[in-house]
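Visitor: One structure coming up, written as structure tokens, with questions to follow.
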Amino acid sequence: MSSINSKAKITLKTLEALKAKGERFACVTTYDSTFAEIASSAGIEVLLVGDTLGMVIQGHDSTLPVTMQDILYHLEAVKRGNVGSLIMGDMPFMSYYSEGLTLDNAAQLMRAGAHIVKLEGGRWIAESTRLLVERGIPVCAHMGLTPQSINRFGGFRVQGRNPEQAQTILDEAVFLEQAGASLLLLEAIPQQLAERITQRLRIPVIGIGAGRHVDGQIMVMHDLLGITPPDIKVPKFVKNFLATSDNSIRAAFANYARAVKEGSFPGPEHSY
Ligand code: KIV
């Protein structure tokens, strides 16, 4: 089982080595320096400065209003609190629609403290992935329920339930690995599909609502603490770790990390 001390630095190599050994790793969203320090000290390998900040910090009903400036502001704060985790910076809606914009925006995230950037999409982000990777910027591809596309999906809906859709997600995941993606994040897909993809890919696969047969898990920190804003429907894959941690926030993050690593979270009740 891996853990972080204040000197250890988690890199992509660490995550690849964990996958090779069949050991799971934990990831969480953080948006400020206080929670970054708590999560990182708790042994959580990856901190995502995600565009979910639009919903849990800014009170919007989707991630679409989030701008590059918003992500940069929170990323700089997370960088100050981090004590050794890998920091992932999210590319917000419409920040990667052209080559120039993709490169400029990803470079800004890396300068602000990200170690890897995350882009939502399938085959169509392969070119951006190649472009970034060739210039030294690692990419995490986010597939399945990609919240920046909720208007196309007609809401926050589980993806990949029918065989054709599942095959497309698998094929596109392979395509993005070949394009150079270093990590894949799968959101809200059936657990059998996530398991097939994880077995097929060499790169580490992170899941949220994708069952337990993936290499790492990620959770939105507000969900982990049971403080999801009341107007957001809490998805089935969420577990409140504060409730079982004696109301200690530090213990809640540590218990989440432990549960992921020992494989007790997510359970069947959190999976599709
Ligand atoms: O942006 C984000 O916070 C995310 C999480 C849902 C994993 O992608």
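Visitor: Could you work out which residue, out of 156, 25, 241, moves most in a Gaussian network model of the chain, that is, has the largest mean-square fluctuation with Cα springs under 10 Å?
Guide: Sorting by GNM fluctuation, first place goes to 156.
Visitor: Only residues of segment 119-145 count here: report those whose backbone N is under 14 Å from the spot 7 Å along Cα→Cβ of residue 64, or say none.
Guide: Within reach of a label on residue 64: no residues.
Visitor: Too long at a 29 Å Cα-Cα cut-off: which of 13/261; 13/236; 19/233? Kindly include the intermediate steps, with their values, before the conclusion.
Guide: Numbers: 13/261 18 Å; 13/236 32 Å; 19/233 32 Å.
Violating the 29 Å Cα-Cα cut-off are 13/236; 19/233.
Visitor: Any idea how far apart residue 234 and residue 174 come out in nm if each label point goes 7 Å out from Cα toward Cβ?
Guide: Placing both labels 7 Å beyond Cα along the Cβ direction yields 4.0 nm.
Visitor: Using a 1.4 Å probe on the protein heavy atoms, what percent of the accessible area of segment 12-270 belongs to carbon and sulfur? Can you show the working numbers first?
Guide: Working: 5340 of 10570 Å².
Reported share for carbon and sulfur atoms: 51 percent.
Visitor: Could you run the Karplus curve 6.51 cos²θ - 1.76 cosθ + 1.60 with θ = phi - 60° over segment 184-190 and give me ³J(HN,Hα) per residue in whole Hz, x for Gly and Pro?
Guide: So the J values, rounded to whole Hz, are 10, 10, 10, 10, 6, 9, x.
Visitor: Just the number please: accessible area per residue for segment 12-270, 1.4 Å probe, all protein chains included, in Å². List each step's numbers first, then the result.
Guide: Numbers: 10570 Å² over 259 residues.
That works out to 41 Å² for each residue.
Visitor: Towards the positive end of the charge dipole of the chain, with charges on Cβ (+1 Lys, Arg; -1 Asp, Glu), say which of 121, 84, 100 has the farthest Cα.
Guide: 84
Visitor: Once R0 is set to 25 Å, what does the formula 1/(1 + (r/R0)^6) return for the Cβ-Cβ distance between residue 262 and residue 164, expressed as a FRET efficiency to the nearest 0.05?
Guide: 0.10
Visitor: Once you charge only the Cβ atoms, +1 for Lys and Arg and -1 for Asp and Glu, what is the size of the charge dipole of the chain about its Cα centre, to the nearest 20 debye?
Guide: Around 640 debye, computed over the chain.
Visitor: Step through the residues of segment 103-108 one at a time and calculate ³J(HN,Hα) from phi using the Karplus curve (6.51 cos²θ - 1.76 cosθ + 1.60, θ = phi - 60°), rounding each to whole Hz and writing x for Gly and Pro.
Guide: In residue order, the calculated couplings are 5, 4, 5, 5, 4, 4 Hz.
Visitor: Would you mind computing, in nm to one decimal, how far apart the modelled labels at residue 101 and residue 34 are, each placed 7 Å from Cα along Cα→Cβ?
Guide: 3.5
Visitor: Considering amide H positions built from the backbone, and no H for Pro or chain starts, which residues 5 or more places from residue 118, or on another chain, come under 5 Å of its amide H?
Guide: 89, 90, 91, 140
Visitor: Please list 3J(HN,Hα) in residue order for segment 97-102, calculated via the Karplus relation 6.51 cos²θ - 1.76 cosθ + 1.60 where θ = phi - 60°; whole Hz, with x for glycine and proline.
Guide: In residue order, the calculated couplings are 8, 9, 4, x, 5, 4 Hz.
Visitor: Quickly work out the residue 111-to-residue 192 label distance, labels modelled 7 Å from Cα along the C-beta direction, and quote it in nm with one decimal.
Guide: The answer from the label model is 4.9 nm.
The values are calculated or read from the model by the stated rules, or taken from the named source; none is laboratory data. All values reported here derive from a predicted model rather than from experimental measurement. As a convention, Cβ positions derive from the backbone with ideal geometry for all residues, glycine included, and neighbour counts pool all protein chains shown. Areas reflect the complete protein model, heavy atoms only, side chains present, ligands, DNA and RNA absent. Shrake-Rupley method; radii C 1.70, N 1.55, O 1.52, S 1.80 Å.
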